[in-house]
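The values are calculated or read from the model by the stated rules, or taken from the named source; none is laboratory data. Keep in mind that this is a model prediction, so the values were computed, not measured. Ideal geometry is used to build each Cβ from the backbone, glycine not excepted, and the neighbour counts take in all protein chains shown. SASA here: full protein model, heavy atoms, side chains in, ligands and nucleic acids out. Shrake-Rupley method; radii C 1.70, N 1.55, O 1.52, S 1.80 Å.
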Amino acid sequence: TLALGVGANTAVFGIIHGVLLSPLPYRAPDELVAIAQGMRNQPVRSAVSPPNYLDIRAETKSLADAGAYYPNSVTLTGRGTPVRLIAPVMTPSLFSTLAAGPVLGRTFTADEGVPGRDRVAILSYGFWLRHFGGERSALGTEIRLDGENYTIVGVMPKGFSFPIGESDLWLPLGWDARVATQRGAQYLYMVGRRRAGTPIEALRGELETLGHRLEASFPDKNLAMTISATPLAEQIVGDSRPVLLLLAGAVALVILIASSNVANLLLARVTRRSGEFAVRAALGAGRARLMRQLAAESLLLGVCGAVGGLVVGWGGVAALKKWWPAVVPRQQDVGINLTVAAFALGIALTASLVAALVPSWRMSWAGIGGTLRRGGRGDTAKGHHLRHALVSAELALALMLLTGAMLLLTAIRRLEDTDPGFERRQLVTFQLSLPGARYADGESIGRFFDAALDRIRSLPGVTGADAVFGLPLIGFGFGGTFNVEGPPTVAGDEREVGTQVRIVTADYFRTMGIPIRDGRGFEARDRREAPRVLVVSASVARHFWPNGDAIGRRLKLHASPGPDRIEGEIVGVVGDVRAAGLHRPPVPIIYSTLAQTGVSEMSVVMRTTGVGSSVIPLARDLIRAIDPEILVERAATMEEVIAQSLGRPRFAMDVLGLFSALGVALAIIGIYGVVAYSVSQRTREIGVRMALGADPRRLVVGVVGRELVFVVLGVAAGGVLEVGLTPLLSKVVYGLDPAAPSVMVAMAGLLFLVAALAVFLPARRAARIDPVTAIRTD
């Protein structure tokens, strides 16, 4: 019992310690901050634009250093089968900001942040071992990435994985003079290091002042903009904190249930040993000495429980990292170390000692004379009351776990039924990234996707195929500010706002099943040489043109993911789509067509008629026939994408469900053991009653009725506690109803029935006792 309770706590503490408690693996990690910009009075913080990054870095005196990066992936060719690599692009100053040095070679120099000199790469330790066998000769070697040659200049130490998971290599960010005009393009994630001794409040004040100055200097790009600073560790943890704290509370309930169970077992043992303790006391043993004896026995129990808990916890941590890899950040820091082992030992010893307090207190107050007169049998009546009270507490805690898990399950079921804004069934998707060296302009990009999509549409079972820059539901966040041309349409309307940007092919809305609310979607005539056109989502139209006159208005965006500007006349309004997951509200989106705005990284979506993901290999062969160096990545059905978007709440539900099952099992075993022990203590009494003609059925009813009183008390107490705690769950899972009486009543009824069965079984066995055998029992 202790091993299971301690193991569950150890597994969760191992994750919490690695994610929330242990410092980031950099020098003076508390000085590192994440810097972001956003619209005033809006909680969402976004990446910064390159000019804003340069101004923040140059003008913020509270920063000792600063760097920036953006996520990126490249295709490695020339070394066997093409491989897709995670390759963040960063400013040369980011390594010095982190105070991170290489294990071999060097980091980027300042002059490598200029186009033409930026064809260098720094390898991760794992990539160096896999592809170069850990040889020093890797330095100076050229590798081919996206059709361009890069020279290896360094290798980072083992375990260095900043900023996103397990990166394979890092590339320098090369800028030219044009970045000064990209103040509306928000795609850089900025990291700064505070000067030693400078509080974060001083940095935030300085950034707020700078934000006002940038707004005044560049009102067309920075209107209503604020700049914020967050500790880097907090930024990396993100939304995982409330989920992990919820699990910490759940395993705390588990260890309380386990402690109650152990206390019951120890109390039963002490009751059986009442004669022994009475004799010891009669021979001169004091109360303190008897309590020390029980404490020593409990410590031995605790050590054994800690050893078993470490084994269970080690397996639990490995299972959690394997089953939910995308949900637990900082995975390289999660595991069983000395701190976690000390926690396991401490909680096992504490639980065993706390569990021993109840029998110790009970034993120390037992009357010696009365016990000896009863032939060494203790006063079982008082012991029964204590054991029943512990069982009621176990049931109350188990009901809290069970109801919490069921509330999460119902919330996830509700989320799964949420309308994402498109028809998600029979959709299959994969991602394509075109090498920039051969697809450097919008025309070449357009020709490739025209050819690829035409071939995919000819596959059997495929009724439609299109592409989008920024697949829904995955949390894709490319966006920027834009100008609304013409007079204001609503009071207080701001000329400069931020929104999300998506690039799509002509029939994307039809293939996805996104409804057109007004006007039209993109058509074949919207080519590169034709007038520029845009489509906006319903939320954009409602905000700026509440009178329904969005069609015909003109917009100009300041950010583009490709070589072409995004601007034009609005020709249509489409339904809102959930971009960041079913648990997030829809975001305002402006759509441009790929024919007029080229972008090299797109997700292909295919509408099929029952063939599902089996069409992926055929599509992959077609892509390779066009260009063998282009890889098909992240292939999945849309249902799988939705399931992945619900990873964090599903993770909480699964783990909480596991803990609730463990808690209920321990509680049921506890009540079964108490009733069985109670029946065994009354064996002689039951035999006499039956010998005198008592009805066995009435005996069963009598035993069950008395025990069910404590079951009802425990379930009722658990219901009261659950009402007070379920509002906390609503902060973890979007759409959870914290006051769902049907769920609470159903779980209370289920627990009551299971507990009643645990009471009934030993009672029924008692009714079958042979009276002669029972009377002979001493």
**OP:** Quick one: P(r) of the range 153-217 from all Cα-Cα pairs, 10 Å bins, percents rounded to integers, in order of increasing distance.
**Re:** 13, 31, 34, 21, 1
Subject >> Length added when fully stretched, Arg764-Thr418, from 0.36 nm per residue minus Cα-Cα >> reply: 119.7 nm
**OP:** Sum up the charges of everything whose Cβ sits under 14 Å from the Cβ of Val334, counting Lys and Arg as +1 and Asp and Glu as -1, but leave Val334 out.
**Re:** +1
Original post:
Relative to the first principal axis of the alpha-carbon coordinates of the chain, what is the inclination of helix 442-457, with its axis defined by its Cα atoms, in degrees from 0 to 90 and to the nearest 10?
Top reply: 60
**OP:** Compute the FRET efficiency between Asp239 and Leu692 as 1/(1 + (r/R0)^6), taking r as their Cβ-Cβ distance and R0 = 60 Å, and round to the nearest 0.05.
**Re:** 0.35
Original post:
In the chain, with Lys and Arg counted as +1 and Asp and Glu as -1 at Cβ, which of these residues, Val468, Ser678, Phe651, has the Cα nearest the positive end of the dipole, that is, farthest along it?
Top reply: Ser678
**OP:** Within 10 Å, count the other beta carbons around each residue, average over each peptide in 528-535, 697-704, and list them highest first.
**Re:** 528-535, 697-704
Original post:
Regarding the range 250-336, what is the average projected area of its C-alpha convex hull, in nm²?
Top reply: 7.5
Subject >> Packing-based ranking, highest mean first, of 652-662, 628-638 given that Cβ atoms within 10 Å are counted >> reply: 652-662, 628-638
Original post:
If you average 1/r over every pair of different alpha-carbon atoms in the range 239-289 and take one over that average, what Kirkwood value in Å do you get?
Top reply: 14.0
Original post:
What is the percent of Cα-Cα separations in the range 99-143 that go past 11 Å?
Top reply: 71
**OP:** Compute log10 of I(q)/I(0) for the range 192-250 with the Debye formula, placing one identical point scatterer on every Cα and leaving out solvent, at q = 0.13, 0.15, 0.23 Å⁻¹, to two decimals.
**Re:** -0.53, -0.64, -0.91
Subject >> Alpha-carbon centroid distance for the pair the range 587-629 / the range 410-488, whole angstrom >> reply: 7
Original post:
Hey, how many Å between the Cα centroid of the range 1-73 and the Cα centroid of the range 673-719?
Top reply: 58
**OP:** Enter the angle in degrees (range 0 to 90, nearest 10) between the Cα long axis of helix 287-323 and the first principal axis of the Cα atoms of the chain, meaning the one along which they spread out most.
**Re:** 30
Original post:
Can you give the Rg to Rh ratio of the range 63-111, both from alpha-carbon atoms, with Rh computed by the Kirkwood formula?
Top reply: 1.08
Original post:
By average Cβ neighbour count within 10 Å, what is the ranking of 558-571, 538-551 from highest down?
Top reply: 558-571, 538-551
**OP:** Would you mind calculating the gained length between Leu757 and Ser217 on full extension (0.36 nm times residue separation, minus the Cα-Cα distance), in nm to one decimal?
**Re:** 186.9 nm
Subject >> Pairwise Cα inverse-distance average, inverted: Kirkwood Rh of the chain (Å) >> reply: 30.7
Original post:
When the distances between all Cα atoms of the range 196-317 are binned every 5 Å from zero, what whole-number percent does each bin get?
Top reply: 2, 8, 9, 11, 9, 8, 7, 6, 6, 6, 6, 5, 5, 4, 3, 2, 1, 1, 0
Original post:
Hey, got the dipole for the chain? About the Cα centre, +1 on K and R Cβ, -1 on D and E Cβ, debye to the nearest 20?
Top reply: 3640
Original post:
Put a dot 7 Å past each Cα toward the Cβ at Val712 and Ala530; how far apart are the dots in nm?
Top reply: 7.5
Subject >> Mean projected area (nm²) of the alpha-carbon convex hull when the range 600-646 is viewed from all directions >> reply: 3.9
Subject >> Per-residue [θ]222 nm for the chain (sum of -39500 (n - 2.57) over DSSP H runs n ≥ 4, rounded to 500) >> reply: -16000 deg cm²/dmol
Subject >> Quarter of the Cα convex hull surface for the range 60-211, i.e. its orientation-mean projected area (nm²) >> reply: 10.1
**OP:** Could you work out the equivalent-ellipsoid semi-axes for the range 414-484, taking the square root of 5 times each eigenvalue of the Cα gyration tensor, largest first, in whole Å?
**Re:** 26, 22, 11
Original post:
Per the Kirkwood definition applied to all pairs of different Cα atoms, how many angstroms is the hydrodynamic radius of the range 547-676?
Top reply: 20.3
Original post:
Label Val723 and Arg425 with points 7 Å out from Cα along Cα→Cβ: what is the distance between them in nm?
Top reply: 4.1
**OP:** Estimate the FRET efficiency between Ser458 and Asp627 by the formula 1/(1 + (r/R0)^6), using the beta-carbon distance for r and 25 Å for R0, to the nearest 0.05.
**Re:** 0.90
**OP:** Kindly express, to the nearest 10 degrees and within the range 0 to 90, the angle between helix 647-681's C-alpha long axis and the longest C-alpha principal axis of the chain.
**Re:** 0
Subject >> FRET E, pair Ser614, Trp323, Förster distance 30 Å, beta-carbon r, rounded to 0.05 >> reply: 0.70
Subject >> Mean accessible surface per residue for the chain, computed with a 1.4 Å probe while every protein chain stays in place, in Å² >> reply: 43
**OP:** Divide, for the range 668-707, the radius of gyration over alpha carbons by 2.2 N^0.38 Å, where N is the residue count.
**Re:** 1.21
Subject >> Gain in span if fully extended, Thr339 to Val279, counting 0.36 nm per residue against the direct Cα distance >> reply: 17.3 nm
**OP:** May I ask you to derive the relative contact order of the chain, considering only C-alpha pairs under 8 Å and at least 6 residues apart, and to give it as an integer percent?
**Re:** 17
Subject >> Positive-end residue of Gly197, Trp170, Ala258, charge dipole of the range 154-265 with Cβ unit charges >> reply: Gly197
Original post:
What fraction of the Cα pairs in the range 1-136, stated in percent, has a spacing above 25 angstrom?
Top reply: 49
Original post:
What's the carbon and sulfur percent of the chain's accessible surface, probe 1.4 angstrom, rounded to a whole number?
Top reply: 59
